[in-house]
Amino acid sequence: MNDTTTFFDSNAAQMRAAGMGLSGGVAAAVLPAAAGIAAAAGEAGALLESFSNTVGSNDEDGIAQSSALLHICGNRCKDWFCSHCAKIQGYRLRQALIQRIQWWKHPMMLTCTLDHQIFPEGPDFAFKLVLKKRAIAEMMKFLEKYHGGYWFCVLEWQCNGWPHWHILIDSEFIPIKEVEKAWGRFVPRDRRHLVRSSIGTMGMCRYSSPPGGFKNGCHAARYVTKYLIKPPEHAYPEWVLDAPYRIRRYSTSRGFWGELTHRDASTVGSGEQKLERVSHTHRERLAKCCTTCSVFAVTDTVDVAEVEVNRQRHFLGKLNCNARALAGIMREVVDDARKVARMVFHHVAGCGLYVRDAFVSYPGTWRDFLDEFREEIEASPVCQTVNMGLRLEK
């Protein structure tokens, strides 16, 4: 089952109910639909016009209000280790980063690793040492004469569970020996004898820009954020998911984003890597992602004079219902309806229900939604394995 966007309308609902035997009679919708193909096709334009908030007549003030919508949204964990949430947040971060560094003239990326021989205790111990010493921030401060003072860093893990850092800067040239010298300053004194002569520092340091270098700042932003958007081929290390402290997937130099609004700051984040205790581990947060839903009544107000659409969402309540399971059930309902629609119309007229991943949009009220789909939801085999409560709680 793919996660592509699907659309559904009231005509398809009747055909689904009739042809699939889920609810209602067989001939009540399909046969009249077959007899009225031309009428239904002509009706599609009106349905699409209504859904797209295209207003035909206005009131005295030039303001018109569209029909009500219902949004059922999964309550996301917003954790950067969640494959679903990281993709959503990653694309937003990419756009913000493009705006920030698109004028960089010489984008360059450095990669710093940790030597296993220096830290026999394991990657968890070595990682906490890097955080406590603020090694990335202090190293970039040491190298500030080679770059503009601003940097963007992404944390990644190798398949063996050891971390490494990709650091994006605007610099025409930095001697790799200077980078190694700066990185080696954080080797504990009692472990300096463990530094291998072939490496000479706390871990390997190298230029890691793609072959031919970055074309521009936009190319660099897209390249470095792919580590955040694309989930790793191997699973995240167990010690990372169970860490009792917060692990940031990316960090920046102080003042990197300039002045941000509160909303922008919550989207892109800011600050440097540091050791922060948390009440829930990443694994615990991932387990709760989209296990509940929030339900909103949505109305769009169209200002014809200003050519603006203002959307207002009113919180109706919370559902103790798995959002992805609910979206999966609704997607199956849509697919069944489309099969019937193709047999009769060869297309689905109009638009209505919108389903994607952990989100459902329905053209009606919460009561209408329950009246139309409660039977299908409760009859689904999914209800036997996950919680699918349909009672709104404030």
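Summed over the range 99-122, residues that are more than 16 Å from residue 213 (Cα to Cα), touching a Ser or Thr at 6+ places or on another chain (Cβ under 9 Å) and surrounded by fewer than 18 Cβ atoms within 10 Å (Cβ to Cβ) total 0. Among the residues of the range 138-161, those that are in contact (Cβ under 8 Å) with a residue 12 or more places away in the chain and in a helix (DSSP H, G or I) comprise 138, 139, 140, 142, 146.
Residues checked against (1) crowded, with 17+ Cβ neighbours inside 10 Å; (2) in contact with a Phe, Trp or Tyr (Cβ under 8 Å, 6 or more places away or on another chain); (3) at pLDDT 75 or above; (4) over 24 Å from residue 365 (Cβ atoms):
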{"site": "282", "(1), (2), (3), (4)": "yes, yes, yes, yes"}
{"site": "287", "(1), (2), (3), (4)": "no, no, yes, yes"}
{"site": "290", "(1), (2), (3), (4)": "yes, no, yes, no"}
{"site": "295", "(1), (2), (3), (4)": "yes, yes, yes, no"}
{"site": "299", "(1), (2), (3), (4)": "no, no, yes, no"}
{"site": "303", "(1), (2), (3), (4)": "no, no, no, yes"}
{"site": "306", "(1), (2), (3), (4)": "no, no, no, yes"}
{"site": "316", "(1), (2), (3), (4)": "yes, yes, yes, no"}
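Rundown of residues vs (1) more than 22 Å from the chain's Cα centre (by Cα); (2) among the hydrophobic types (A, V, I, L, M, F, W, C); (3) within 20 Å of residue 278 (Cβ to Cβ); (4) surrounded by 20 or more Cβ atoms within 10 Å (Cβ to Cβ), yes/no style:
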{"site": "199", "(1), (2), (3), (4)": "yes, yes, no, no"}
{"site": "210", "(1), (2), (3), (4)": "yes, no, no, no"}
{"site": "217", "(1), (2), (3), (4)": "yes, no, no, yes"}
{"site": "222", "(1), (2), (3), (4)": "no, no, no, no"}
{"site": "235", "(1), (2), (3), (4)": "no, yes, no, no"}
{"site": "246", "(1), (2), (3), (4)": "no, no, yes, no"}
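In summary, residue 129 fulfils each of the numbered conditions (1) closer than 30 Å to residue 196 by Cα; (2) surrounded by fewer than 21 Cβ atoms within 10 Å (Cβ to Cβ); (3) within 27 Å of the chain's Cα centre (by Cα) with the single exception of condition (3). A count restricted to the range 162-189 and to residues that are part of a loop (DSSP other than H, G, I, E, B) and touching an Asp or Glu at 6+ places or on another chain (Cβ under 8 Å) stands at 2. Do we find a residue being aromatic (Phe, Trp, Tyr), surrounded by 14 or more Cβ atoms within 10 Å (Cβ to Cβ) and at pLDDT below 80 anywhere in the range 353-376? Among the residues of the range 353-376, not one is aromatic (Phe, Trp, Tyr), surrounded by 14 or more Cβ atoms within 10 Å (Cβ to Cβ) and at pLDDT below 80, which makes the answer no. Checking the stated criteria, residue 122 turns out not to satisfy the condition of being among the small types (Gly, Ala, Ser) and either in the same structural domain as residue 352 (by TED's automatic domain parsing) or touching a strand residue (DSSP E or B) at 6+ places or on another chain (Cβ under 8 Å) (or both).
Checking the conditions here, which among 185, 196, 189 is of a type in the set (D, E, K, R), in contact (Cβ under 8 Å) with a residue 60 or more places away in the chain and more than 26 Å from residue 94 (Cα to Cα)?
Numbers: 185 fails: in contact (Cβ under 8 Å) with a residue 60 or more places away in the chain; 189 fails: in contact (Cβ under 8 Å) with a residue 60 or more places away in the chain.
One residue alone meets the criteria, 196.
Within the range 111-126, the residues that satisfy the criterion of being in contact (Cβ under 8 Å) with a residue 40 or more places away in the chain, over 14 Å from residue 201 (Cα atoms) and out of contact with any helix residue (DSSP H, G or I) (no Cβ under 6 Å at 6 or more places or on another chain) are 122, 123.
Say whether the condition of being in the same structural domain as residue 298 (by TED's automatic domain parsing), part of a helix (DSSP H, G or I) and in contact with a helix residue (DSSP H, G or I) (Cβ under 7 Å, 6 or more places away or on another chain) is met by at least one residue in the range 362-370.
Start the filter on the range 362-370 by keeping residues that are in the same structural domain as residue 298 (by TED's automatic domain parsing), which leaves 362-370.
In the following step, the residues that additionally are part of a helix (DSSP H, G or I) were identified as 366-370.
Going one step further and asking which of them are in contact with a helix residue (DSSP H, G or I) (Cβ under 7 Å, 6 or more places away or on another chain), we end up with none.
No, the range 362-370 contains no residue that is in the same structural domain as residue 298 (by TED's automatic domain parsing), part of a helix (DSSP H, G or I) and in contact with a helix residue (DSSP H, G or I) (Cβ under 7 Å, 6 or more places away or on another chain).
Within the range 175-185, the set of residues being surrounded by 18 or more Cβ atoms within 10 Å (Cβ to Cβ) and among the hydrophobic types (A, V, I, L, M, F, W, C) comprises 179, 182, 183.
The values are calculated or read from the model by the stated rules, or taken from the named source; none is laboratory data. The model shown is predicted, which means the values in this text are computed figures rather than measured ones. Counting neighbours? That spans all protein chains shown, and the Cβs are built from the backbone with ideal geometry, glycine included.
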